[in-house]
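Have a look at the structure below, then the notes.
The values are calculated or read from the model by the stated rules, or taken from the named source; none is laboratory data. Predicted, not measured: the structure shown is a model, and the values here were computed from it. With ideal geometry, Cβ positions are generated from the backbone for all residues, glycine too; neighbour counts draw on all protein chains shown.
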Amino acid sequence: MGGLEQRQEHRQTAARILSRDDAERLVASVLATMGDLEKVLAHETAHVRVGRVRDGLAEEAKKSELASAYLRGLEAVKANAVALARFAPEAIERLKTAHAAFGRIVETNQTVLATARAVSESLVKSVAEEMNRLSRPQGYAPAGYGAAGSGAPPPRSEPLVLSKRL
């Protein structure tokens with residue numbers, strides 16, 4: 001993190017609201033962090049949605065840092081709720097509105113990531129099942145086609161190995 005980000009985080013966590021300007025600065029800082037995080041999530045969602053998972057997850061460290069900074073900012077807002085309501089009630093309303101919209105963006109992002117995960121798991125499972133099916137001997141046995149009714153246990157499948165370098 002750069003020096004400016006560290007100063008903003010320090011100001012958010014150590015903030016003690018004593019004036020309208022302090023209140024406006026705190027809310028503006030939290031809104032700015034939320035906006036930056038929103039951009040990263042939108043980028044991630046767009047890439048993962050079209051199947052470019054690696055590109056989508058490229059900014060994972062930045063997303064983590066921004067999420068931490070955002071949570072610290074929210075903690076500072078909670079710690080100063082009374083002063084913020086007194087000095088800048090309209091800023092609090094802006095923050096609440098932005099937070100609600102941000103929640104919808106996070107929900108969309110989580111849905112896209114969960115879908116990609118489910119598709120990946122399903123694909124790997126299908127490949128493993130097909131490989132297992134192809135490794136079984138095919139032919140007639142006393143109980144019919146294949147060895148399923150012969151009382152013998154089905155052959156064990158080999159482990160599935162994937163290369164991430166493809």
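Looking for something within 18 Å of Ala116 (Cα to Cα), surrounded by 17 or more Cβ atoms within 10 Å (Cβ to Cβ) and of a type in the set (Ser, Thr, Tyr) - is there at least one such residue anywhere in the range 28-43? Scanning the range 28-43, I find no residue that is within 18 Å of Ala116 (Cα to Cα), surrounded by 17 or more Cβ atoms within 10 Å (Cβ to Cβ) and of a type in the set (Ser, Thr, Tyr), so the answer is no. Would you be able to say whether some residue in the range 81-93 is assigned to a helix (DSSP H, G or I) and under 17 Å from Asp36 (Cα atoms)? No, the range 81-93 contains no residue that is assigned to a helix (DSSP H, G or I) and under 17 Å from Asp36 (Cα atoms). For the range 18-66, enumerate the residues that are of a type in the set (Val, Ile, Thr) and either within 17 Å of Glu93 (Cα to Cα) or in a helix (DSSP H, G or I) (or both). Answer for the range 18-66, where residues must be of a type in the set (Val, Ile, Thr) and either within 17 Å of Glu93 (Cα to Cα) or in a helix (DSSP H, G or I) (or both): Val27, Val30, Thr33, Val40, Thr45, Val48, Val53. The set of residues in the range 52-78 being out of contact with any Asp or Glu (no Cβ under 8 Å at 6 or more places or on another chain) and without any contact (Cβ under 8 Å) to a residue 40 or more places away in the chain consists of Arg52, Arg54, Asp55, Ala58, Glu60, Ala61, Lys62, Ser64, Ala67, Ser68, Leu71, Lys78.
Number of residues in the range 54-71 that are buried (at least 17 other Cβ atoms within 10 Å of the Cβ) and either of a type in the set (A, V, I, L, M) or within 27 Å of Ala28 (Cα to Cα) (or both): the value is 6.
Consider the range 34-61 and keep the residues that are farther than 18 Å from Gln110 by Cβ and in contact with a helix residue (DSSP H, G or I) (Cβ under 7 Å, 6 or more places away or on another chain). The one that is modelled with the lowest pLDDT is Asp55.
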